[in-house]
Amino acid sequence: MSLERLSLNSATTKRWSLAEVVEGAVKAGLPAVGLWRDIVADAGLENAARTVREAGLRVSTLCRGGFLTASDDAGIAAAREDNRRAVEEAAALGAPALVVVVGGLPAGDRDLAGARERVAERIAELVPVALEHGVRLALEPLHPMYVADRAVLSTLGQALDLAAPHPVEAVGVVVDTFHVFWDPQVHEQIARAGREGRTASYQVCDFNLPIAADALLSRGVMGDGVVDFASLTRSVAAAGWTGDVEVEIFNQEVWDADGHEVLAAVSERYQQLVLPHLG
């Protein structure tokens with residue numbers, strides 16, 4: 001079965017350098033990689049772009065921009081500059097989308113509504129930068145357990161509402177199975193994203209139990225947890241998504257394993273659990 005839409009997010013093989021991610025993807029027969037900014041920085045932006053290009057791969061997304069909830073002048077200025085750089089990096093890499101994790105509550109702050117208002121303001125400021133560089137801001141809602149520290153957006157509905165005032169080519173949303181599978185409205189919101197032309201990325205991994213002591217590390221290889229990939233993928237396909245399917249896993253056991261073995265397992269599970277439902 002075909003791997004022509006499967007993308008390896010570099011977080012899945014955390015110990016690998018950019019060169020190793022590219023080499024591993026090519027060896028496994030994958031056409032695309034999703035890159036995190038840290039390994040791009042380690043490799044150097046120009047070298048990273050050249051390495052991916054010469055390998056014949058595409059970059060599905062760049063991770064990540066965001067953390068836009070600061071309320072102090074210094075924090076606002078720092079986030080503004082970092083996100084401008086992130087958009088420029090995505091453009092240099094040929095990534096169509098910059099994944100944006102919007103940030104949680106600043107220390108001592110309990111005002112979720114106020115934090116969300118600041119996110120909306122910062123996104124509006126970034127839209128002209130995104131349009132200038134031809135990069136889409138892909139807003140990623142995170143599971144509610146991260147609402148205080150990582151993302152005050154918890155549902156696709158919230159992300160779509162935030163995207164709505166802006167051109168579709170500038171702002172979209174990420175459908176990440178780990179973060180949205182629990183939402184009673186997930187299928188309705190996936191369909192809405194399709195109708196509104198807002199789907200910018202489809203990321204897949206499982207939700208493992210028990211939840212790890214570090215909740216960030218509860219993502220797993222598809223089939224190891226509780227996510228219904230068949231129904232979610234059918235909804236994404238019915239909503240018109242024809243782009244890459246990016247596998248992004250944060251899991252210490254996965255990170256400790258041989259990267260090539262991880263890629264083989266990811267490819268096998270993708271073909272078993274995701275690909276048959278892509279249409």
Equivalent ellipsoid semi-axes - Cα gyration tensor, the chain, angstrom: 27, 22, 19
Percent antiparallel among DSSP beta bridges (both partners in the chain, rounded to 5): 5
Carbon plus sulfur fraction of accessible area for the chain, probe 1.4 Å, in percent: 52
Label point distance in nm, R84-E196, each placed 7 Å from Cα along Cα→Cβ: 2.8
Euclidean distance of C-alpha centroids, segment 99-139 and segment 3-22, integer Å: 27
Long-range amide H partners of L6 with built H, under 5 Å: V245
Amide H contacts of L139 (H built 1.01 Å from N, under 5 Å, at least 5 apart or other chain): V100, G172, V173, V174
Accessible area expressed per residue, segment 122-236, with surrounding protein chains retained (probe 1.4 Å, Å²): 35
Largest-first ordering by accessible area, 1.4 Å probe, given options S60, S71: S71, S60
Relative contact order [Cα under 8 Å, 6+ residues apart], the chain, whole percent: 19
A212 paired with D73, simple spin-label distance in nm, labels 7 Å along Cα-to-beta-carbon: 4.0
Axial C-alpha extent at least 24 Å, average Kyte-Doolittle at least -0.5 - helices from the chain (DSSP): 73-93, 112-133
Area of H187 that stays accessible when all protein chains are in place (1.4 Å probe, Å², to 10): 80
Segment 1-99: trypsin sites (Lys or Arg not before Pro) falling in loop per DSSP and having at most 14 other Cβ within 10 Å: R15
Rel. contact order, % - alpha carbon contacts under 8 angstrom, at least six apart, segment 184-260: 39
For segment 30-38, 3J(HN,Hα) per residue [Karplus equation, 6.51 cos²θ - 1.76 cosθ + 1.60, θ = phi - 60°, Hz, x = Gly/Pro]: 8, x, 8, 9, x, 10, 9, 5, 5
Segment A164-E125, length gained on full extension (0.36 nm per residue, minus Cα span): 12.6 nm
Helix-only [θ]222 nm of the chain, DSSP H runs n ≥ 4, -39500 (n - 2.57) each, per residue, nearest 500: -13000 deg cm²/dmol
Cα-based equivalent ellipsoid, segment 59-163: semi-axes from gyration tensor eigenvalues, Å: 22, 15, 11
Exposed-loop-free span, longest in the chain, where GluC sites (Glu not before Pro) count as exposed if DSSP calls them loop and at most 15 other C-beta atoms lie within 10 Å: 5-168
Scattering profile of segment 1-127 at q = 0.21 Å⁻¹ [log10 I(q)/I(0), Debye over alpha-carbon scatterers]: -1.08
Hz values of 3J(HN,Hα) by residue in segment 57-71 - Karplus curve (6.51, -1.76, 1.60), Gly and Pro given as x: 9, 10, 9, 6, 8, 10, 10, 8, x, x, 6, 10, 9, 4, 10
Two-site label geometry, H133 and D42: point separation in nm, points 7 Å out along Cα→Cβ: 2.2
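The values are calculated or read from the model by the stated rules, or taken from the named source; none is laboratory data. This structure is a prediction, so every number in the text was calculated from the model and none was measured. Note: ideal-geometry Cβ built from the backbone for every residue, glycine included; neighbour counts use all protein chains shown. For accessibility, only protein heavy atoms count, side chains too; no ligands or nucleic acids. Shrake-Rupley method; radii C 1.70, N 1.55, O 1.52, S 1.80 Å.
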